[in-house]
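Notes follow once the structure below has been shown.
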Amino acid sequence: MFFNSIAFAIFLPIVFFLYWFVFNKTKSTQNALLIIASYYFYSCWDWRFLFLLIFSTFLDYYTGIQIEKGKSDKTRKFWFWLSILVNLGFLGVFKYYNFFANSFSELLNSVGIQASPILLNLILPVGISFYTFHGLSYVIDIYYKRIKAEYNFVDYSLFVSYFPLLVAGPIERATHLLPQVKVKREFSFEKAKEGIYQIIWGLVKKVVIADTCATYANAIFDNYTSMNSFSLILGAVYFAFQIYGDFSGYSDIALGVSKLFGLDLLRNFNYPYFSRDIAEFWRRWHISLSSWFRDYLYIPLGGSKGGLWMKIRNTFIIFVVSGFWHGANWTYIAWGFINAVYFLPLLLRNSNRSNMDTIELSLNFNSVKTMISILWTFLITCVAWIFFRAKTITDAILYLKRIFTNKDFGFQYLDNERYNYELILMIGLFVLIEWNNRTKIEPISGKKSTVKLALAIMAIMAFGTFSDYKEFIYFQF
Amino acid sequence: MKRFLIYTAKILLITVLIAVVMDGLYNYVFLQSKNRGKIETVFNSKPQNYDVVILGSSRANNHFVSKMFEDKGLKTFNYGMSGGHLFEASLMLKLMIEKKYTIKNVILEADLNLSNDKESDGVSAKFLPYIHNSEIIKEHFENQENFNELYYIPFYRYIKYDGKIGFRETGKIIMGEKTNALDNLGYYPLVKHKNGNMKNNIVNLNPLKHNKYYEEIKKICKEKNIAFIAVMTPMCENVKGMNYFDKVKKVYPEIHNYENVVVENKYFSSCGHMNDAGSKIFTARILKDFFNK
């Protein structure tokens, strides 16, 4: 059941009605309904994986309590590592086993030892990377005594399985979501209205921008060997907007839906393509994952303590791991590595936190410099996206090479029966709207919101791509 | 909560209003379309007189050279539609009758397309803008699974088939952008010989015993006194399951088998589609056999 499906359009009002009109007596009844709805939502993909989700939830719930109750360090450590190993074990088996088996066998073959890997025929459970990280952060926080263990299983289950964030985040923190889950929610008109705006804008991003860009990006990436330089450049730009529209659109819908139930989720995107350097980009892109890696990997590794070398080492580790988190493929690892390389000059100049303020433009030299920085950051991000999108690293390198060697900058007719340039105007308009609203969560709220809402609905209906339906990209992670 | 419910109702109302307005707007634009495709052209045309009308899929569109008919003094148009099934061919003929076309002969390419009587989404979508303007189109779609949504939900058909009749197509009509669908009197010559694409497997294909739309075309022709010529058109040599054409002949003895009139690969662009040279040989044979008076 996707957020942009008819099934969800039926599911959401039913749950909304039951939540506020039938199960509204106490926070327990509210939570119980949301749990049932979440498990139903999840089982729409594959009911068999519901058991895995419930097991994972119970494991973290139980180990969390045992860690807190543990009298000795040894006991606490035991329960802590049990949770970590089982969680990562599931992730490893379902997501990474085949990749490691294949890579190891290829390595052996390359040194002349014949080996054929034993592969598992497993389907990746949807959302496993997200709910595993929910559970991990909870257990780690209890172990380091940052939070208290949750003793109410229903409340804890809701924190892990809450349907708006279950399959593709944002990756929530116990400190943020659990306190909200523990009190009865009262309906707020303003919050619900904000939610509607965010849902509508998320749909614009998904069906108008992402899915339309996907049609073009696919036609270019899938036939890159016959594309000219101009098409290849556009292909990378289209993919950049596809993945942004897709994932931030999903996050907007998730946040908006959650607001309808009176729960605030962590913001996941903050206009990342308006970043002035790559550090700022990563403070604005998939914020819940970046901050997760910062808090649970970078800082435990020593963070920036221990000098420049440690800082560089830890930066490379979190980016490569972050790339690997996205999928079991060398292309994701390369994508993470490239982003770490982009970080290097900032680390060497100690300027990775220099662009923390809001971007203001006026008619002066500094503004020109800012614009150039934004364009440069977008450009290098697009180069990294080529690795993310390509099927193999070789494909990515050949794609890049062809941009420079083909040198034909003419308009090309693509195999999706469209010209490669046709989408530029729509993207330009989208960028302009986002730029003018970059201090807000979404562009619909504010003055003349009804007109803007009507225009957004019109855009979804008129410009949305519906016949060539595409799943949300991050569901596969 | 009451405020929110009223607010949600307002949004729904705005959505419905937008859908109705856009439906009307798109419909108006499609009613002006004259040079984009065969369906739009027929729908927006005045009554015509034809000696020969050619119907079928791409195997009609690419195989019957209309000009060769014209050279013989026969006013002809090739209404074969790439990707189309007999569902669309039948509707096209019905639409012509509704638009008061006078037709003496219908040549129907009836071979591979006899194996199903389903609609071809990509082609049938082009009729949908006119579903409220034509009883014939409405009736033809009435038995389709999603008829109610297509007919009663405003703008739904433009959303569902956005790739075919969405804003890009609407925009192109407004801009007066022409396609090549109507060039060469509807015949689309294939010139490129793609090496290595000269094989096909139709072993699992079987003609339906009673193809609803084939029978419908036959019936219309009989009622309107139109001479009905059904033909099977050539395929390349390297086809697995070539006995399909014999199976067709068994079920529909009136269909003329021209499958092996052209066989050499040099006359094909792909296994199921002849190039221009092959189509000329084939058309010459059709002219000789049916119009040599």
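What follows draws every value from the coordinates through simple rules; no lab data is involved. Computed from a prediction, not measured in an experiment: that's the story for all the values here. Note that each Cβ is placed from the backbone with ideal geometry, even for glycine, and that neighbours are counted across all protein chains shown.
Note on B:154-162: average number of Cβ atoms from other chains within 10 Å of each residue's Cβ is 3. Working ranking of peptides A:126-138, A:259-271 by packing, defined as the average number of other Cβ atoms within 10 Å per residue, highest first, is A:126-138, A:259-271.
Using only the Cα atoms, work out Rg/Rh for region A:187-284, with Rh taken as the Kirkwood radius, to two decimals.
Taking Rh as the inverse mean 1/r over Cα pairs, Rg/Rh reads 1.11.
Shielding by partners for peptide B:18-27, expressed as the average number of C-beta atoms from other protein chains within 10 Å of each residue's C-beta, is 2. Couplings 3J(HN,Hα) of region A:332-340, computed from phi: 5, 5, 4, 4, x, 4, 4, 5, 5 Hz, in residue order, whole Hz [Karplus 6.51 cos²θ - 1.76 cosθ + 1.60, θ = phi - 60°; x for Gly and Pro]. Put a plus charge on the Cβ of each Lys and Arg, a minus charge on the Cβ of each Asp and Glu, and nothing anywhere else: the dipole of region A:205-347 about its Cα centre is then about 460 debye.
Could you please report the charge total around residue B:161, scoring K, R as +1 and D, E as -1 over all other residues with beta-carbon less than 10 angstrom from its beta-carbon?
+1
At what distance in angstrom do the alpha carbon centres of region B:51-108 and region A:40-98 lie from each other? When both Cα centres are located, 66 Å separates them. What FRET efficiency, computed as 1/(1 + (r/R0)^6) with R0 = 30 Å and r the Cβ-Cβ distance, is obtained for residue A:432 and residue A:7, rounded to the nearest 0.05? Calculated transfer efficiency: 0.35. For a paramagnetic label modelled at 7 Å from the Cα of residue B:199 toward its Cβ, which residues of region B:261-284 fall within the zone defined by backbone nitrogen distances under 18 Å? The answer is B:264-266, B:268-273, whose backbone nitrogens lie closer than 18 Å to the label point. With the convex hull of the Cα atoms taken as the outline of region B:1-92, the averaged projected area works out to 8.7 nm². Qualifying trypsin sites (Lys or Arg not before Pro) in region B:185-255, where qualification requires a DSSP coil assignment and no more than 13 other C-beta atoms within 10 Å, comprise B:192, B:194, B:199, B:209. Per residue of peptide B:6-16, the mean number of Cβ atoms on other chains within 10 Å of the residue Cβ is 3.
Of the three principal axes defined by the Cα atoms of region A:1-76, the extents in descending order read 52, 32, 17 Å. Each of B:292, B:39, B:20 was placed along the dipole of chain B (beta-carbon charges, centred on the mean Cα), and the one lying farthest toward the positive end is B:20. Under a 5 Å amide H to amide H cut-off, with H placed in plane at 1.01 Å, what residues pair with residue B:268 once short-range neighbours are removed? When sequence neighbours closer than 5 places are left aside, the close amide H contacts are B:275. Counting neighbouring Cβ atoms within 10 Å and putting the fewest first, the residues A:330, A:309 line up as A:309, A:330.
The ranking of A:285, A:201 from fewest to most other beta carbons within 10 Å of each one's beta carbon is A:285, A:201. Between region A:136-175 and region A:301-346, the alpha-carbon centres lie 26 Å apart. In a DSSP loop and with at most 11 other Cβ atoms within 10 Å, the trypsin sites (Lys or Arg not before Pro) in region A:7-50 are A:25, A:48. Straight-line cross-link reach from residue A:25 at under 27 Å between alpha-carbon atoms covers these lysines, not counting any fewer than eight positions away in the same chain: A:148, A:182, A:184, A:191, A:193, A:259, B:2. Restricted to Cα atoms, chain A shows a radius of gyration and a Dmax of 23.1, 71 angstrom. Farthest toward the positive end of the dipole of the protein assembly as shown, out of A:366, A:135, A:414, is the Cα of A:366, where the dipole comes from beta carbon charges about the Cα centre. Of all stretches in chain A that contain no GluC sites (Glu not before Pro) in a DSSP loop with at most 13 other Cβ atoms within 10 Å, the longest one is A:1-185.
Sorted from longest to shortest, the spans of the Cα atoms of region A:6-186 along the three principal axes equal 68, 51, 22 Å. Shape annotation for region B:2-290: C-alpha extents along the principal axes are 74, 41, 38 Å, from largest to smallest.
Taking one quarter of the surface of the convex hull spanned by the alpha-carbon atoms of region B:208-256 gives a direction-averaged projected area of 3.8 nm². Pairs spanning more than 21 Å between alpha-carbon atoms, out of A:69/A:305; B:250/B:288; B:138/B:164; A:74/A:145: A:69/A:305; B:250/B:288. What pairs in A:401/B:178; B:38/B:67; B:99/B:219; A:205/A:452; B:46/B:219 have C-alpha atoms more than 26 Å from each other? Flagged as over cut-off: A:401/B:178.
A simple spin-label model places the labels of residue B:34 and residue A:406 3.9 nm from each other, with each point 7 Å out along Cα-to-Cβ. Each Cα pair under 8 Å and six or more residues apart adds its separation to the average, and for region B:33-123 the resulting relative contact order is 37 percent.
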